[in-house]
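**Student:** Have a look at this one before I ask anything.
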Amino acid sequence: MRKALLPMVASLFLCAAALAALIVTNAKAQPSSTHAKPVMVALADAPGMAERRSAMCGEIGARAAGRLAYLEARLGLSAAQAPLFERWKQVRLARAKRIQDKCETRRTTAAADRSPVVRLARQEARLKQRLADIGAERPALDALYGHLTDEQKA
């Protein structure tokens with residue numbers, strides 16, 4: 001019995017030591033509640049975030065122009081299709097420019113009222129603007145799409 005008791009006591013001691021080490025390590029790993037920031041707040045204050053946001057706002061128009069240039073080259077437009085594509089392209093680029101300007105304005109202005117009522121009103125305004133954009137773009141896109149060949153549509 002003595003031979004079996006000694007290994008059991010030794011394993012109990014090792015388990016207790018491992019559990020104590022785990023508890024101490026876990027306690028040190030958790031930040032104190034006075035210094036902890038919510039994840040989104042901590043990410044918003046990250047170094048270089050303002051520069052990345054500024055670059056993102058500044059690239060909206062360029063990205064739209066690049067996508068349209070790629071599409072134009074990929075379609076291989078005929079002489080009859082080119083003016084229709086150009087008309088649709090101007091509508092798309094105007095929308096991208098407006099979005100870029102709004103992005104810059106939002107980025108540079110101070111934090112607005114963040115109440116749920118105000119946020120919902122801003123979302124409604126954005127959706128109304130998007131619906132107006134679709135209404136302006138649809139005639140130009142319908143005209144262009146109607147003149148594309150089956151291969152170009154694919």
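**Student:** Give, in nm to one decimal, the length gained when the segment between LEU120 and MET56 is fully stretched (0.36 nm per residue of separation minus the Cα-Cα distance).
**Tutor:** Length gained between LEU120 and MET56: 20.6 nm.
**Student:** About the Cα centre, and with charges only on the beta carbon of Lys, Arg (+1) and Asp, Glu (-1), how big is the dipole of the stretch 69-139? Nearest 20 debye, please.
**Tutor:** Numbers: 17 positive and 8 negative charges, 46 e Å.
Taking the Cα centre of the stretch 69-139 as origin, the dipole is about 220 debye.
**Student:** Set Lys and Arg Cβ to +1 and Asp and Glu Cβ to -1, take the dipole of the stretch 113-154 about its Cα centre, and tell me which of LEU120, ALA136, GLN152 lies farthest positive.
**Tutor:** Farthest towards the positive pole: LEU120.
**Student:** A follow-up question, please. How far apart, in nm, are the 7 Å Cα→Cβ label points at GLN152 and ALA21?
**Tutor:** Calculated label separation equals 7.1 nm.
**Student:** Cα to Cα, under 14 Å, and not fewer than 8 places away if on the same chain: which aspartates and glutamates meet these conditions relative to LYS153?
**Tutor:** Cα-Cα hits under 14 Å: GLU72, ASP142.
**Student:** Follow-up question, since we're still on this one. Note the full-extension length gain between ALA73 and LYS3 as 0.36 nm times their separation in residues minus their Cα-Cα distance, in nm to one decimal. If you can, show how the numbers build up before the last one.
**Tutor:** Details: separation 70, 0.36 × 70 = 25.20 nm, distance 8.40 nm.
Length gained between ALA73 and LYS3: 16.8 nm.
**Student:** Can you tally the net charge around LEU141? Count Lys and Arg as +1, Asp and Glu as -1, for every other residue whose Cβ sits under 13 Å from the Cβ of LEU141.
**Tutor:** Values: positive: ARG87, LYS89, ARG92, ARG95, ARG138, LYS153; negative: GLU86, ASP133, GLU137, ASP142.
Neighbourhood net charge equals +2.
**Student:** Ok, one more. Using a Cα-Cα cut-off of under 12 Å, which aspartates and glutamates could be cross-linked to LYS97, ignoring same-chain neighbours fewer than 8 residues away?
**Tutor:** Cα-Cα hits under 12 Å: GLU59.
FYI, it's all coordinate maths here, none of it is from the lab. Note that the structure is a prediction, hence the values are computed from the model and not measured. Positions of Cβ are backbone-derived with ideal geometry, glycine not excepted, and every protein chain shown enters the neighbour counts.
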